[in-house]
There are 2 protein chains.
Amino acid sequence: MGAVSTSPPSAARFLDACHGRPVDRAPAWMMRQAGRYLPEYREVRRRVSFIELCRDADLAAEVSLQPFRRFAPDGVIFFSDILVPVQAMGVKVEFDKNGPRLSHPIRTGDDVLRLRRFDPAADLRFTGEILKRLRGEVGDSAAIIGFAGAPWTLACYLVEGTSSKSFAPIKQMMGWGQRTLEGLLNLLADVIADVLSFQIASGAQVVQVFDTWAGELSREDYRRWALPAVTRAIAGIRRSAQPVILYVNGCSHLLEAMNESGADVLSVDWRLPLVEARQRLPQRPLQGNLDPGALLSPTRDVRRRVQAMLAETGGIAHVVNLGHGVLPQTPIESAEAFFEAAREASVAQAAEAPA
Amino acid sequence: MGAVSTSPPSAARFLDACHGRPVDRAPAWMMRQAGRYLPEYREVRRRVSFIELCRDADLAAEVSLQPFRRFAPDGVIFFSDILVPVQAMGVKVEFDKNGPRLSHPIRTGDDVLRLRRFDPAADLRFTGEILKRLRGEVGDSAAIIGFAGAPWTLACYLVEGTSSKSFAPIKQMMGWGQRTLEGLLNLLADVIADVLSFQIASGAQVVQVFDTWAGELSREDYRRWALPAVTRAIAGIRRSAQPVILYVNGCSHLLEAMNESGADVLSVDWRLPLVEARQRLPQRPLQGNLDPGALLSPTRDVRRRVQAMLAETGGIAHVVNLGHGVLPQTPIESAEAFFEAAREASVAQAAEAPA
């Protein structure tokens, strides 16, 4: 990791890029960087279930730090799941090998009224603990990243009861249960604002909102349903200068609408070339966007693709990332190549810049 | 169905729209219009399995005609599955409630060499039978539509062994097994060309190539893998004036590349507004693109959306369709509203046109 000594990881670099300020190189991290592709993570998971791991501050901090020790990313996301706040709302969630399963899908106004807005400082105290520990361990070497699911994406889970492909139940609600869905989205927006505010108060220096499934919606439906809800969530976050990153998978058609959400950084997937996103929104800091599937290629191809991605933005106002979470099948060497290429390309870039 | 008498369904209307010639109104059909949302289809399925239904020319013709009798679409697609030709290549495919499952995923060059190019006239004789019967029953009232999966989408199934979400195995092959994947895609392209040629010889007046999963690929990877294969397939079809429709789900970023495939009509999903597709490719006939989830709304909303969709193209060089297959949960009234609105809006359009 020769390049590391010349440009060690840095929280300031991450935050500067999010605000569009000059940087020596583009900061880098990977969505789901703490996860199943790491042997040391799988080792921890042999002892505890996924949910136990989320709620154990010691272990959750430990697995959050595993990729930091290996790859020296500029950001450390705390280990958790977007459904942890949903559980705190009173919903029973179980995780099996097919993904999450909710005990009682939300279908009526009464179902929504049974959900509770809670105090994260009381009911998600462990997430605050994890963030404090990370901040203590990492210092200024990397930005601590908080996160939550966006209202529409969480509503998908709540209405469907499971990871869905057809989105039929929520689209039925969009047609027939508009008051129910509005009530649900508004409640989720307020819960998410509370949760992210608490994460920031606990040490998160940047927060990412995952609206993973919003790319399923037409532009018209995104503006009608997902955008107002995520805008309300972002507006409700109590923060000073901590930037908000908004991620949508399959967002080619939504970029301009996402730009009205109040987010500081837009995180895009590999179907939207960064050079095109930059043309469409010249002033907006971007995050992304390598296909996680590209990390299943030889390391020389990974490097080439990271270099090509950085050439699209010049490393300016760009947080280097994947376009979706890292796949469990990813070889460690590929993740290493991803981070090394990000560091090297950016350093070269800075060296070439006019004095 | 008052509007039907003024503009009965017509094969010529369908073919004219595909060639960009003037029409009295835009033709309409729905992907998966023969399927689970129809009670008369479910009735047939109580007696036979999915695979048995595909291979029984009487029953398959019967279920193909069910939506024609109900809704009078301008196109009748024959009932089958994109994996039927894969079975004829020597692959064992089983269908359970989680979708198809292939006995032996393709991972090596030897696996590819075991697959056989077959003669559809011998091994898929029943598909020819179905098409002949449909042509006899329908006459000039609707275009008979043949179809096949595109090479990349079929390769996804063959390499993954099942309906996938991560596409990890095929992306690994894109990185490490390029010769294997090229061999597989070329073979599939030739098989698909044979299959579609046989369908046309048996009476199909238009054929659709489903590259459903190609929207997963970045533009670069689409051009490297999916596009050359589908181009080879289309070029190999023995046809006279029968148009080829190319469908990709999530195609916003691929439209210009799809336009190089040799397809006559591009079928787009609801994330790409038709007005934008028309701007980007002014000369290219389009098919689509209502969100199938919109049919889960009250019929007045279905009508409004069909009208809005037709306003985007003026009904010119436009085959009205959904952006993906109709959902099993779709109420019959919604499907009726879809077809009625398509007929009425287009007739109004034609009435307004300058003499």
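The values are calculated or read from the model by the stated rules, or taken from the named source; none is laboratory data. Remember, it's a predicted structure, so these values are computed and weren't measured experimentally. Methodologically, a virtual Cβ is constructed for each residue, glycine included, from the backbone with ideal geometry; neighbour enumeration extends over all protein chains shown. Just so you know, the surface numbers come from the protein's heavy atoms only, side chains and all, with ligands and any DNA or RNA stripped out. Shrake-Rupley method; radii C 1.70, N 1.55, O 1.52, S 1.80 Å.
Which of the residues belonging to the stretch A:261-291 are within 8 Å of another protein chain (Cβ to nearest Cβ) and of a type outside the set (Asp, Glu)? Give the steps one after another, and end with the answer.
Here is the first cut: in the stretch A:261-291, the residues within 8 Å of another protein chain (Cβ to nearest Cβ) are A:270-273, A:291.
Answer for the stretch A:261-291, where residues must be within 8 Å of another protein chain (Cβ to nearest Cβ) and of a type outside the set (Asp, Glu): A:Trp270, A:Arg271, A:Leu272, A:Pro273.
Give the number of residues within the stretch B:158-170 that are within 14 Å of another protein chain (Cβ to nearest Cβ) and surrounded by fewer than 24 Cβ atoms within 10 Å (Cβ to Cβ). Can you show your working first?
Keep residues of the stretch B:158-170 that are within 14 Å of another protein chain (Cβ to nearest Cβ), which gives B:159-160, B:162-170.
Applying the additional criterion that residues be surrounded by fewer than 24 Cβ atoms within 10 Å (Cβ to Cβ) yields B:160, B:162-169.
Count: 9.
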Do the conditions hold for B:Arg32, that is, is it touching a Pro at 6+ places or on another chain (Cβ under 9 Å), on the phi > 0 side of the Ramachandran plot and at pLDDT 95 or above?
yes
Exactly one of these conditions fails for A:Ala26: (1) in contact with a Leu (Cβ under 7 Å, 6 or more places away or on another chain); (2) surrounded by fewer than 19 Cβ atoms within 10 Å (Cβ to Cβ). Give me its number.
(2)
Which condition number does A:Arg135 fail, the rest of (1) farther than 27 Å from A:Pro67 by Cα; (2) out of contact with any His (no Cβ under 8 Å at 6 or more places or on another chain); (3) in contact (Cβ under 8 Å) with a residue 12 or more places away in the chain; (4) not β-branched (Val, Ile, Thr) being met?
(1)
Is the stretch A:265-285 home to any residue that is on the phi > 0 side of the Ramachandran plot and free of Cβ contacts under 8 Å to residues at least 40 places away in the same chain?
no
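May I ask you to verify whether A:Ser218 is closer than 23 Å to A:Ala28 by Cβ and either out of contact with any Asp or Glu (no Cβ under 9 Å at 6 or more places or on another chain) or within 14 Å of chain B (Cβ to nearest Cβ) (or both)? Walk me through how you get there before you give the answer.
Working: closer than 23 Å to A:Ala28 by Cβ: no; either out of contact with any Asp or Glu (no Cβ under 9 Å at 6 or more places or on another chain) or within 14 Å of chain B (Cβ to nearest Cβ) (or both): yes.
Answer is no for this residue.
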Given the criterion closer than 19 Å to A:Gly293 by Cβ, open to solvent by less than 10 Å² (accessible area, probe 1.4 Å) and modelled with pLDDT of 95 or more, identify the matching residue among B:Ala155, B:Ala142, B:Ala148.
B:Ala155
Considering residues that are in contact (Cβ under 8 Å) with a residue 12 or more places away in the chain and either of a type in the set (D, E, K, R) or within 21 Å of B:Arg36 (Cβ to Cβ) (or both), the number found within the stretch B:95-110 is 6
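A quick yes/no check of all residues on (1) buried (at least 16 other Cβ atoms within 10 Å of the Cβ); (2) at pLDDT 95 or above:
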| site | (1), (2) |
| --- | --- |
| A:Phe71 | yes, yes |
| A:Asp74 | yes, yes |
| A:Ser80 | yes, yes |
| A:His104 | no, no |
| A:Thr108 | no, yes |
| A:Asp111 | yes, yes |
| A:Ala121 | no, yes |
| A:Glu129 | yes, yes |
| A:Arg133 | yes, yes |
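Among the β-branched types (Val, Ile, Thr) and more than 13 Å from chain B (Cβ to nearest Cβ): does that describe A:Val302?
No: the conditions fail for A:Val302.
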Scan the stretch B:236-260 residue by residue and report those that are within 13 Å of B:Asp211 (Cβ to Cβ) and more than 11 Å from every other protein chain (Cβ to nearest Cβ).
B:Val244, B:Ile245, B:Leu246, B:Tyr247, B:Val248, B:Ala257, B:Met258
In the stretch A:8-23, what residues are under 18 Å from the mean Cα position of the chain (by Cα) and either open to solvent by less than 10 Å² (accessible area, probe 1.4 Å) or within 17 Å of A:Ala337 (Cα to Cα) (or both)?
A:Ala11, A:Phe14, A:Ala17, A:Cys18
Inter-residue pairs, beta-carbon under 9 Å, first among the charged types (D, E, K, R) and in the stretch A:57-77, second part of a strand (DSSP E or B), 6+ apart
A:Asp74/A:Ala28; A:Asp74/A:Ala143; A:Asp74/A:Val319; A:Asp74/A:Val320
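Among A:Gly183, A:Gly203, A:Gly177, which is touching a residue at least 60 places away in the same chain (Cβ under 8 Å), within 14 Å of another protein chain (Cβ to nearest Cβ) and more than 18 Å from B:Pro273 (Cβ to Cβ)?
On the way: A:Gly183 fails: within 14 Å of another protein chain (Cβ to nearest Cβ); A:Gly203 fails: within 14 Å of another protein chain (Cβ to nearest Cβ).
The match here is A:Gly177.
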Report whether or not B:Glu344 is among the charged types (D, E, K, R) and modelled with pLDDT under 95.
yes
Looking at the stretch B:316-336, can you tell me whether even one residue there is more than 23 Å from B:Phe68 (Cα to Cα), within 12 Å of another protein chain (Cβ to nearest Cβ), open to solvent by less than 10 Å² (accessible area, probe 1.4 Å) and assigned to a loop (DSSP other than H, G, I, E, B)?
no
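Taking the stated definitions as given, is A:Ala142 away from chain B (no Cβ under 14 Å), of a type in the set (A, V, I, L, M) and under 22 Å from the mean Cα position of the chain (by Cα)? Explain how you work it out, then say what you get.
Numbers: away from chain B (no Cβ under 14 Å): yes; of a type in the set (A, V, I, L, M): yes; under 22 Å from the mean Cα position of the chain (by Cα): yes.
Here the answer is yes, as A:Ala142 does meet what is asked.
For the stretch A:206-215: of the residues being out of contact with any Cys (no Cβ under 8 Å at 6 or more places or on another chain) and open to solvent by less than 10 Å² (accessible area, probe 1.4 Å), which is nearest to the other protein chains (Cβ to nearest Cβ)?
In this case the residue turns out to be A:Asp211.
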